[in-house]
Amino acid sequence: MLRDAIDIVSEDPFFDIHIVTSDGNGFLSDTKAYLHKFSYKPYQNKYVRLFKYIVAQFLLFFVLSCQLIKVRLCGNRSVVIVNTLLPFGGHIAAKLFGHKVISYIHETYLKPKLLKSFLKKIVFMCSDKVLFVSNYVRDELNINHPNGIVLYNGLRRDFLNISIDTKQKFNEKNVLFVGSLKPYKGIYSFVRLSRLLPGFNFVAILNTSDSEYKDFEIYLHGIETKNLTIVRNPSNLAEYFARAFVILNLSDPDNCVETFGLTLLEGMSFGTPVIAPPFGGPLEFVDDAVGKLIEPTNIDEIANFITYISEDYFVWENLSSNCLRRSKQYSADVYKKSFFDVLSEFI
């Protein structure tokens, strides 16, 4: 969503956009913005990682402060958007030297608790506006900022021109999973489902490193998975959404509560019914009209629901149509207008 926000603002020649971020190539590398990078590398050891994180925040504070002071000396105004809770160095620099500060909060799960409490206080004290990606995030963090609002994620613009064949989607019976190999994301439950439903094609789209995937291959060795296809880091994700019969989110709520569930919404924008956990962000846009909320550990109930909607095209098609209608409430244009409404308060 940060990339979408940057692309939206870059369409307006009124703004000069500067991005302060860690070094390395990523989804911000090709934006129409001035990039200011500082060194940061996460470590496995939690104590080293915490130390490096603190050092990185001092670097962030210094780099951003220099840029904001230059803006002030030139007689210009600045609006600083700090993405996520973690960059407290950015929040403090923006408060001291910027004109307005917007915090954009996506996450709720942070450890240790003392750090989380500290970051929440920084956001409260430094922000002129706080954007939460869902009511769940707002309520869970309980920051109680007087100018805190919910700004739902929007759908990607590059998904707009993909054709959908509902008959093909129904007949091919592709059950889709999009996520990582982290155990709490539910990939192992997905494998179990594929064995329970041999008449369906299970497709797992995985964002994973080589080392993680090697361990997963060892797990799959010897398991009957003829109807399971693994696709790593595809560039054509929209095509998989367009051909999916149903999309699943199987995240374990004891270890990972989805703060929004964007991949579910992306699937819905292609007329794909969804199955999601009855916790967190998905509660705000998933109900019986577009799919089913089911406890991820209840594999049998999930299998029964998939079987049920596969037996009658008109039942499935009704869910598919509802998905298309509901997803329009989260379109890129809706997001763009909402985001500019926020910016217009400070320019």
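Quick note: the coordinates plus some simple rules give every number you see, no bench work behind them. Note that the structure is a prediction, hence the values are computed from the model and not measured. Note that each Cβ is placed from the backbone with ideal geometry, even for glycine, and that neighbours are counted across all protein chains shown.
Take the residue pairs LYS46/LYS120; LYS120/LYS336; LYS37/LYS129; LYS41/LYS111; LYS41/LYS116 and return only those whose Cα atoms are more than 23 Å apart. From LYS46/LYS120; LYS120/LYS336; LYS37/LYS129; LYS41/LYS111; LYS41/LYS116, over 23 Å: LYS120/LYS336; LYS37/LYS129. Taking loop as defined by DSSP and a crowding limit of 12 other beta carbons within 10 Å, which GluC sites (Glu not before Pro) in the stretch 230-338 fit? Here the GluC sites (Glu not before Pro) that fit, given the DSSP loop and packing criteria, are GLU311.
In the elastic network of the chain, a GNM with C-alpha springs shorter than 10 Å, the most mobile of ILE122, ILE81, ILE162 is ILE162.
Excluding LEU131 itself, what net charge comes from residues whose Cβ is under 12 Å from its Cβ, given Lys and Arg +1 and Asp and Glu -1?
Working: positive: LYS129, ARG138; negative: ASP128, ASP341, GLU345.
Surrounding charge for LEU131 is -1.
Per-residue Cβ neighbour counts within 10 Å put ARG49, ARG192, ARG138 in the sequence ARG49, ARG192, ARG138, beginning with the fewest. Computed on the stretch 266-308, with alpha-carbon pairs under 8 angstrom and 6+ residues apart, the relative contact order is 33 percent.
Rounded is the label for the stretch 158-330. Its Cα gyration tensor axes, ordered a ≥ b ≥ c, give a/c under 1.5.
Excluding LYS100 itself, what net charge comes from residues whose Cβ is under 9 Å from its Cβ, given Lys and Arg +1 and Asp and Glu -1? Value of the local net charge: 0.
Ranked highest first by the average count of other Cβ atoms within 10 Å around their residues, in what order do 123-135, 146-158, 217-229 fall? Don't jump to the answer; show the numbers that get you there.
Values: 123-135: 20.8, 146-158: 16.7, 217-229: 11.7.
Order by mean packing, descending: 123-135, 146-158, 217-229.
With R₀ fixed at 35 Å, the C-beta to C-beta distance from THR297 to ASN142 puts the FRET efficiency at about 0.80. Packing, as the average of other Cβ atoms within 10 Å across residues, places the peptides 197-209, 105-117 in the order 197-209, 105-117, highest first.
Charged neighbours of GLY271, selected by a Cβ distance under 12 Å, balance to +3 (K, R count +1; D, E count -1).
Go ahead and run the numbers for FRET between SER331 and ARG72, Cβ-Cβ distance against an R0 of 25 Å, rounding to 0.05. The value I calculate is 0.10.
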